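Coordinate-derived values only; no laboratory data. This structure is a prediction, so every number in the text was calculated from the model and none was measured. Please note: Cβ atoms are built from the backbone with ideal geometry, for glycine as well, and neighbour counts cover all protein chains shown.
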Amino acid sequence: MKKRKARQGQTKEKSFFVPKTISSVAPKMTLECADRYELLIGGCKNIDEYSEKQAKIRTSSCTVRVCGSALLISFLGDGKILLSGKISSIEFI
């Protein structure tokens, strides 16, 4: 097999193909954290537990436990939950 050399000043472009088997197992759950005071969780299925100190949120791929103080559900809808308060830990269980 011959290898082509790039001419001076030209760059080679590479493209990558993602097989269906890999793209089909792409994560269904998303987390966005802002300054330890807000956490947006996408792909939510259920709220298993909720208090001022802890929340357990079931997502499409796992359960997320959020611990902190003064936790409050600021938004709930479209499969997303926005938790506000002082977040001390996030655990995947």
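Candidates Gly79, Ile47, Val64 compared by Cα position along the dipole of the stretch 42-83: farthest toward the positive end lies Val64, with charges placed on Cβ. Under 10 Å from the Cβ of Asp48, count the other residues' Cβ atoms, weight Lys and Arg +1, Asp and Glu -1, and hand me the total. Local net charge: +3. Per-residue packing, averaged as other Cβ atoms within 10 Å, sorts the ranges 86-92, 36-42 into the order 36-42, 86-92, beginning with the highest. Report note on the peptides 73-80, 43-50, 58-65: ranked by the mean count of other C-beta atoms within 10 Å, highest first, their order is 58-65, 43-50, 73-80.
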